[in-house]
Amino acid sequence: MDSAMDEMLQWWLENDALGEKLENFVGKHCAKFAEPKEDGSLPEQTPEFMELYSQYKKLIESEMENFLSAKKIKADDFFEACAKKQGTDDEPAFLAWILAATDYEHFWRTMIDEKSRS
């Protein structure tokens, strides 16, 4: 699966349109997201935030489906490989963007991270 991760990284880096779509989406919406509560937990998940998460998921999933289908890679296998790379020294930079589409908390943290950079 490492070769698939390498191919994915290459595709991600060459896919300017996807990068632009994601940057525009996150840039447009990240300011709406609140910082964590004092105990570190997520703030209330409003219907607006859940709708934004749904839109983000659709954006990533459609692009991922095209890539995985072209490479004949099963999505479950790929996401399992992504989970194994998470937190390692060789974690691909694009992994946070993909994981944000698989879990609301990842999505929220990605939005907060981008908000802090703006």
Just read off the accessible area of Met64 with the full protein assembly in place, 1.4 Å probe, to the nearest 10 Å². 10
Here are some pairs, Lys37/Lys58; Lys21/Lys115; Lys21/Lys71; Lys28/Lys71; which of them have Cα atoms lying more than 24 Å apart in this structure? Lys37/Lys58; Lys28/Lys71
Karplus-derived HN-Hα couplings along the range 76-89 (A = 6.51, B = -1.76, C = 1.60, θ = phi - 60°), whole Hz, x at Gly and Pro: 4, 5, 5, 5, 5, 5, 4, 4, 5, 7, 4, x, 8, 5
For Kirkwood radius over Cα pairs in Å, with candidates (i) 14.3; (ii) 15.1; (iii) 17.0, the value calculated from the shown model is option (ii)
Quick check: the distance between the Cα centres of the range 17-69 and the range 87-108, to the nearest angstrom? 12
Pairs of Cα atoms under 8 Å, at least six residues apart: use those to get the relative contact order of the range 30-118, whole percent. 41
Round to a whole number: what % of the accessible area of the range 47-118 belongs to carbon and sulfur, probe 1.4 Å? 46
Could you give the size of the charge dipole of the range 26-84 about its Cα centre, using +1 on the Cβ of each K and R and -1 on the Cβ of each D and E, expressed in debye and rounded to the nearest 20? 340
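The values are calculated or read from the model by the stated rules, or taken from the named source; none is laboratory data. Source: prediction; values computed, not measured. Note that we place each Cβ from the backbone using ideal geometry, even for glycine, and neighbour counts take in every protein chain shown. The area values use the complete protein model at the heavy-atom level, side chains included, leaving out ligands, DNA and RNA. Shrake-Rupley method; radii C 1.70, N 1.55, O 1.52, S 1.80 Å.
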